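First up is the structure itself, then whatever we jot down about it.
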Amino acid sequence: MPLPAAKPKIAISACLMGAEVRYNGGHKASRLCSQTLTDYFDFVPVCPEVAIGLGIPREPIRLVGDADQPEAVGTVNPELNVTRSLAEYGQHMASELDDICGYIFMQKSPSCGLERVKVYHANGAPHGSGQGIYAQAFCAQHPDLPVEEDGRLNDPVLRENFLTRVFAYHAWQQLLQEGLSRRGLTDFHARYKYQLMAHNPEQYKALGKLLGSMGDTDPQILGPRYFSELMTALKRCATRGTHTNVLQHISGYLREAISAEDKQEVQHVIGQYRHGIVPLVVPLTLLKHHFRQHPDPYIAQQVYLQPHPENLSLRNAI
């Protein structure tokens, strides 16, 4: 009996999983992460501030100085400077957590915030925004890793986009374990055809050309470049317009198989989605119903039809 597939691993700010590690001894538990997503992912909680030896509770730290290169210092005692410790811990964890497929950071945190973290003058007046010291050091080592802040995951489009990228990253890791080959790369790209078209149609063509011209290039050299460009392409959120285009393409495979009446219904439902009357799950469910009756091997392998587990219901809200 085959072993169950391992769940993708996601690193996460420990306070978001309910750990009482914040400066005030509290937590910032995210229902989405600590309840909904735990069935689908193995979470690896990290609190860099506690890890570098700051106690619980503790004096809060903040970013001070140049917004591009701020220092993390104590709010009460500015002599407390943990900039280097946080940056070094970020580099350490970047090499330690080499099997994760995503990272969810605590927003606005001077250690973990990804963007718009307040930066202050030494006199305490805010003057700009920057990135948390730990997060910046970590992300610099993993430029292709899907990363997001907890607050932004409340947006259904951003949530669906992030988790789509996490599963794509996981699929790529599995491909690497099998060993990169020309065939493996070509098949992977074929499976992601419509997913890429929904996110970034130009990049879909560019990546096809990249693989088409691979010739004798070693897949071990080409693979990382392909994957990096794929992850960049998937970062762009799909729109109703690009989804509609993909739905039309996919429905074309049913042209010879279904009745004129069924075709009319498919077009009607795709139109309803395009105009914002129904969510994406509605035309997709109808298309899947027809493909169950009229299977097509090429469509059956498309990641677009199921880029994440159905029970997450991510496409019910977009």
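Observations on the model:
- Peptides 208-220, 16-28 ranked from most to least packed by the mean count of surrounding Cβ atoms within 10 Å: 16-28, 208-220.
- Summed over all non-identical Cα pairs, the Kirkwood treatment of the chain gives a radius of 21.7 Å.
- Overall dimensions of region 109-204 as given by Cα atoms, namely Rg and Dmax in Å: 18.0, 60
- For region 33-50, backbone phi angles converted through the Karplus equation (6.51, -1.76, 1.60; θ = phi - 60°) give residue-by-residue couplings of 6, 7, 10, 5, 7, 5, 6, 10, 9, 8, 8, 10, x, 9, 10, x, 5, 5 Hz, Gly and Pro being listed as x.
- Our helix-only sum for the chain, with -39,500 (n - 2.57) per DSSP H run of n ≥ 4 divided by its residues, gives a mean residue ellipticity at 222 nm of -13500 deg cm²/dmol.
- Proximal lysines relative to Lys28, as straight alpha-carbon distance under 17 Å, when same-chain residues fewer than 8 apart are discounted: Lys108
- Partner lysines whose Cα lies under 25 Å from the Cα of Lys263, excluding those fewer than 8 positions away in the same chain, are identified as Lys193, Lys288.
- Proximal aspartates and glutamates relative to Lys9, as straight alpha-carbon distance under 18 Å, when same-chain residues fewer than 8 apart are discounted: Asp39, Asp42, Glu96, Asp98, Asp99, Asp144, Glu148, Glu149, Asp150, Glu160
- Restricting attention to the chain, close to 40% of DSSP beta bridges with both partner residues there are antiparallel.
- For region 2-45, the fraction of alpha-carbon pairs lying more than 12 Å apart is 60 percent, rounded to a whole number.
- Pairwise Cα distances in region 9-154 exceed 22 Å in 35 percent of cases.
- Summarised in one figure, the compactness ratio Rg/Rh of region 166-226, Cα atoms and Kirkwood Rh, is 0.94.
- A simple spin-label model places the labels of Asn311 and Thr186 3.8 nm from each other, with each point 7 Å out along Cα-to-Cβ.
- For the pair Asp99 and Gln220, the difference between a 0.36 nm per residue extended length and the Cα-Cα distance amounts to 41.7 nm.
- Under a 5 Å amide H cut-off, with hydrogens placed 1.01 Å from N, Glu115 pairs with Lys108, Gly132 among residues at least 5 apart or on other chains.
- Hydrodynamic radius of region 191-318 per Kirkwood, over alpha carbon pairs, in Å: 15.9 Å
- Screening the chain for whole DSSP H helices of 24 Å or more along their axis (Cα) with average Kyte-Doolittle hydropathy at least -0.5 returns 156-178.
- Secondary structure note: in region 9-154, about 40% of the DSSP beta bridges are antiparallel.
Each reported figure results from applying straightforward, stated rules to the coordinates on display, with no laboratory input. Worth saying up front: this structure is predicted, and the values here are computed from it rather than measured. Every residue, glycine among them, receives a Cβ derived from its backbone with ideal geometry; neighbour counts consider all protein chains shown.
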